[in-house]
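J.: Got a structure for you, questions after.
No value in this document is a laboratory result; all are computed from the given coordinates. In this text, all values refer to a predicted model and were calculated from it rather than measured experimentally. Cβ placement follows ideal geometry from the backbone for every residue including glycine, while neighbour counts extend to all protein chains displayed.
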Amino acid sequence: MREEIQERLSVLNRQFKAVDAIYRNAANWFGISESAFWILYIVSDGAEYTQYDLCSTWFYSKQTINSAITKLVSDGLITLEAKMDARNRKIIRLTAKGKRIVENTVERLKSAELKAFENMPEEDRTTFIKLFGRYLQNLNTEMNNV
């Protein structure tokens, strides 16, 4: 029984790596770093994000975000705008150039994601999210016990 579970876990981990590779390859194909790609992906939804938000809700290290943000600013793809209620937090905004890049990269990938998810029956989508959430919760609990 334990060997079967270990094999299934191995399959699951290979699938996680395959998903990572899809996004990494897309970023490379689009000619941007993976971290820059994800920042553009996140901010392209139109909501307001700060560097702190990217670290806390998307689980990136401060160093990774700071480096990628610095590069995106220098490339003219984003700007940082002071947030009224927090003087040391700045909102990440796409520039016109950034919006054009997003349309040609991130939005194409988001469209593929949407189609892939739409190709699953509704019940499968719901079950997938539920089970994956449960797995993450269990893994987090077990990692806290290590």
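J.: How big is the Cα convex hull of the stretch 57-107 in projection, averaged over all directions, in nm²?
T.: 4.3 nm²
J.: Summing +1 for each Lys or Arg and -1 for each Asp or Glu, what net charge is found among the other residues whose Cβ lies under 13 Å from the Cβ of Asp75?
T.: Result for the local shell: +3.
J.: What net charge is computed for the residues neighbouring Ile32, neighbours being all others with C-beta under 12 Å from the C-beta of Ile32, Lys and Arg scored +1, Asp and Glu -1?
T.: My count for the surroundings of Ile32 gives 0.
J.: At 222 nm, what value in deg cm²/dmol follows for the chain if DSSP H runs of at least 4 each add -39500 (n - 2.57) and the sum is divided by all its residues, to the nearest 500?
T.: -23500 deg cm²/dmol
J.: Given contacts defined as C-alpha pairs under 8 Å and at least six residues apart, what's the relative contact order of the chain, whole-number percent?
T.: RCO, the chain: 18 percent.
J.: Highest mean first, how do 120-129, 72-81 rank when packing is the count of other Cβ atoms within 10 Å averaged over residues?
T.: 72-81, 120-129
J.: Next up: How large is the Kirkwood hydrodynamic radius of the chain, in angstrom, based on all distinct alpha carbon pairs?
T.: It works out to 17.5 Å.
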